[in-house]
Amino acid sequence: MVVKLLPATLLLLAALLPAVPGMAQEGRRPSNRELGNQPIEITADRVSADSVRNSVTFEGNVVARQGDVTMTSARLYAEYSKEVGAIERIEADGNVRFVQGGREAWAPKATFFNIEQRVVLSGGANLREGENSLQGETLTIYLRENRSVVTGGDRGGRVKAVITPKGGLEQSPK
């Protein structure tokens with residue numbers, strides 16, 4: 001089943017990966033405004049809409065694409081406000097994965113809070129671009145502020161970053 005719906009869904013995804021400081025990809029990518037004008041395609045095994053709860057749920061092998069951004073998950077749930085005419089919250093769970101070019105982020109769960117323009121990847125979040133990586137229990141991205149916070153968890157977990165400098169020392173022949 002193919003559904004073209006939820007324009008804010010992939011706008012979120014497009015903003016997600018480049019918002020992490022130090023992990024931005026070189027080269028020009030479409031702005032959020034440009035990306036927001038591109039068609040969105042969401043495929044899933046099932047979709048159900050609930051007009052009483054103002055929500056829509058995609059389930060089973062969910063794949064959402066807009067431009068060069070792809071998100072996959074087992075389930076995608078969105079709540080929207082009829083009064084405001086906008087999505088309030090989007091939850092994706094079940095092996096959530098975002099891919100754009102050479103960047104990839106994944107976690108068991110991701111929640112987008114539209115009004116606050118905040119994304120929370122939780123349950124063990126990972127971000128990778130090339131040889132650089134970032135891991136923590138929770139990755140929170142503040143889209144308006146172009147900043148992110150990674151935490152190791154409530155039980156004393158730690159955050160791990162691996163950064164590979166470009167143009168490092170040349171390897172000497174053996």
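Taking first residues from region 117-130 that are more than 15 Å from residue 160 (Cβ to Cβ) and free of Cβ contacts under 8 Å to residues at least 24 places away in the same chain and partners that are buried (at least 19 other Cβ atoms within 10 Å of the Cβ) and basic (Lys, Arg), the Cβ contacts under 8 Å between residues at least 6 apart in sequence or on separate chains come to 122/109; 123/109. Given the criteria among the small types (Gly, Ala, Ser) and crowded, with 19+ Cβ neighbours inside 10 Å, does residue 122 qualify? Yes. When residue 148 is tested against (1) of a type in the set (Gly, Ala, Ser); (2) in contact with a helix residue (DSSP H, G or I) (Cβ under 9 Å, 6 or more places away or on another chain); (3) closer than 30 Å to residue 47 by Cα, just one condition goes unmet, and that condition is (3). Here is the figure for region 99-119: residues that are of a type in the set (S, T, N, Q) and surrounded by fewer than 16 Cβ atoms within 10 Å (Cβ to Cβ) total 1. If you go through region 64-89 and pick out every residue that is in contact with an Asp or Glu (Cβ under 8 Å, 6 or more places away or on another chain) and either free of Cβ contacts under 8 Å to residues at least 40 places away in the same chain or among the β-branched types (Val, Ile, Thr) (or both), you end up with 10. For region 135-166, a residue qualifies if it is modelled with pLDDT under 85, surrounded by 12 or more Cβ atoms within 10 Å (Cβ to Cβ) and part of a loop (DSSP other than H, G, I, E, B), and the qualifying residues are 143, 146, 153. In region 75-103, the residue that is nearest to the chain's Cα centre (by Cα) out of those that are farther than 13 Å from residue 59 by Cα and of a type in the set (Ser, Thr, Tyr) is 80. Restricting the first member to region 142-162 and to residues that are without any contact (Cβ under 8 Å) to a residue 24 or more places away in the chain, and the second to residues that are loosely packed, with under 13 Cβ neighbours inside 10 Å and part of a loop (DSSP other than H, G, I, E, B), the beta-carbon pairs closer than 9 Å and six or more apart or on different chains are 152/158. In the condition set (1) closer than 30 Å to residue 155 by Cβ; (2) among the hydrophobic types (A, V, I, L, M, F, W, C); (3) not in a strand (DSSP E or B), residue 125 is compliant with all but (3).
Rundown of residues vs (1) in a strand (DSSP E or B); (2) touching a Gly at 6+ places or on another chain (Cβ under 7 Å), yes/no style:
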| position | (1), (2) |
| --- | --- |
| 108 | yes, yes |
| 112 | yes, no |
| 115 | no, no |
| 133 | yes, no |
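The values are calculated or read from the model by the stated rules, or taken from the named source; none is laboratory data. Since we're looking at a predicted model, the values are computed, not measured. For neighbour counting, all protein chains shown are included, and Cβ atoms are generated from backbone atoms with ideal geometry for every residue, glycine included.
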